[in-house]
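Visitor: One structure is given below, represented as structure tokens, and several questions about it will come after.
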Amino acid sequence: MSLLQATIVSIKDLDQGAIEQAQRRLDNLTKPPGSLGVLEEIAARLAGITGNPRPVVGDKVIILMAGDHGVVEEGVSAFPKEVTEQMVLNFARGGAAINVLSRHVGARVVVVDIGVDAEIELSGVIQRKVRRGTRNMAKGPAMTRAEAVEAIEVGIQVAQAEIGRGATLLGTGDMGIGNTTPSSAILAVFSGLPVSDITGRGTGLTDQALLNKVRVIEQAIRVNGPDPSDPLDVLAKVGGLEIAGLTGVILGAAACRIPVVVDGFISSAAALVASRLAPQSVQYMIASHASVEPGHRKMLELIGLVPMLHMKMRLGEGTGAALVMNLVEAATKIMAEMATFADAGVSNSEECVLNNIS
């Protein structure tokens, strides 16, 4: 059995007993039941994910996958592909937005070169290159099926390694000039929606360049004919190496019963593929924010996720995931640190009703 197959079969349903215990505690904390909304939902789900009715967030890690895209030669990005390499160097030096926000929330950033079209030799970058960028999907498959599986398994291995080092909460991040193009293509194939309705400006395309991007995606789907019933076929033909790697991160986290915070549009493309490969993995995903990319909300709806933040963000890198890690940790602290009605000597609503009746 391959690592991918073994990981998929290892993903189980949430622990309902732990969820019920967590919910009972939440309902007995000194507040009206459900009054902390999504924080309570997250706390209960974390209990089910971990099997611990009193879940705790320890080490937090953003896994950032970087790869280039052959389709950039079609003019689908406002930036040249060399920026992928330059930004990876920036990540390694700690100067990017994800570095700042990760430091703010106390998370580590793990940068993985899974497909940058350059040789990067830095101690702060994990070298797991499957190939130097994908092929131009407008002319043929972006990857072979074997390359797509290899990239997913890299993500699984990186996730497992970080969990082995003590990570209790993972977040997904990406870097790859042109990667909104394969993300839109993946969404178009799985949703059947018109490409023009779900394709955005990415790094800031002009009106004319946006029309070209739509045309290129339509051409890629027409040329490759990806099969929506076969997630690996879709990923290989119109996906990206970093998208495949993040698919593996999500599956690996779910198999290890670790929650994973999904960042924006590109990370959600990976989550969509993961959800088609292993539907149970969705239970382990937390959607961080709603990107301004027009297809992102539809993508989240297809997966079955609701974003926690609406911040008009569209950077990627894992920035939205980093911000939401604070909220996830806050949910666990509500469980751990709030007093119950009994602890505080406060009458709860049920007692008040009984007293009024008597």
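Visitor: Can you give the net charge of the other residues whose Cβ lies under 15 Å from the Cβ of residue 37, counting K and R as +1 and D and E as -1?
Guide: -1
Visitor: Now a separate question. How much mean residue ellipticity at 222 nm does the chain get from its helices, if each DSSP H run of length 4 or more adds -39500 (n - 2.57) and you divide by all residues, to the nearest 500 deg cm²/dmol?
Guide: Mean residue ellipticity, 222 nm, calculated: -16000 deg cm²/dmol.
Visitor: In the neighborhood of residue 272, defined by Cβ-to-Cβ distances under 12 Å, what is the net charge if each Lys or Arg adds +1 and each Asp or Glu adds -1?
Guide: +1
Visitor: Continuing with this model, one more query. Which lysines does residue 60 reach when only Cα atoms under 27 Å apart count, and residues fewer than 8 places away in its own chain are ignored?
Guide: Excluding near neighbours in sequence, the set is 12, 129, 312, 333.
Visitor: Tell me whether the range 129-245 comes out rounded, prolate or oblate; compute the Cα gyration tensor, take square roots of the eigenvalues as a ≥ b ≥ c, and use a/c under 1.5 as the rounded threshold.
Guide: prolate
Visitor: Please return the longest stretch of the chain lacking exposed loop sites, where GluC sites (Glu not before Pro) count only if DSSP places them in a loop and at most 14 other Cβ atoms lie within 10 Å.
Guide: Result, exposed sites excluded: 122-358.
Visitor: At 1.4 Å probe size, with the rest of the protein present, what percent of the exposed accessible area of the chain is carbon and sulfur atoms?
Guide: 52 percent
Visitor: Further question: Relative contact order for the chain: what percent, with Cα pairs under 8 Å and sequence separation of 6 or more?
Guide: Once normalised by length, the contact order is 24 percent.
Visitor: What is the sum of charges, Lys and Arg at +1 and Asp and Glu at -1, for the other residues whose Cβ falls under 10 Å from the Cβ of residue 198?
Guide: Taking every other residue near residue 198 into account, the sum is 0.
Visitor: Would you work out which of 87, 62, 30 lies farthest towards the positive end of the dipole of the range 1-113, given +1 charges on the beta-carbon of Lys and Arg and -1 on that of Asp and Glu, about the Cα centre?
Guide: Ranked along the dipole, the leading option is 30.
Visitor: Report the trypsin sites (Lys or Arg not before Pro) located in the range 215-304 that are in a DSSP loop and have at most 10 other Cβ atoms inside 10 Å of their Cβ, or state none.
Guide: Taking the range 215-304 and a limit of 10 other Cβ atoms within 10 Å, no loop trypsin sites (Lys or Arg not before Pro) are found.
Visitor: Continuing with this model, one more query. Just the accessible area per residue of the chain, please: how many Å² with a 1.4 Å probe?
Guide: Accessible area per residue: 39 Å².
Visitor: Assigning unit charges at the beta carbon (Lys, Arg +1; Asp, Glu -1) and nothing else, what dipole magnitude in debye, to the nearest 20, does the chain show about its Cα centre?
Guide: Rounded to the nearest 20 debye, it is 220 debye.
The values are calculated or read from the model by the stated rules, or taken from the named source; none is laboratory data. Note that the coordinates shown come from a computational prediction; the quantities given were computed from them, not determined experimentally. Glycine also receives a Cβ, built like all others from the backbone with ideal geometry; neighbour counts cover every protein chain displayed. Each accessible area value is taken on the protein alone, full model and side chains, heavy atoms only, with ligands, DNA and RNA left out. Shrake-Rupley method; radii C 1.70, N 1.55, O 1.52, S 1.80 Å.
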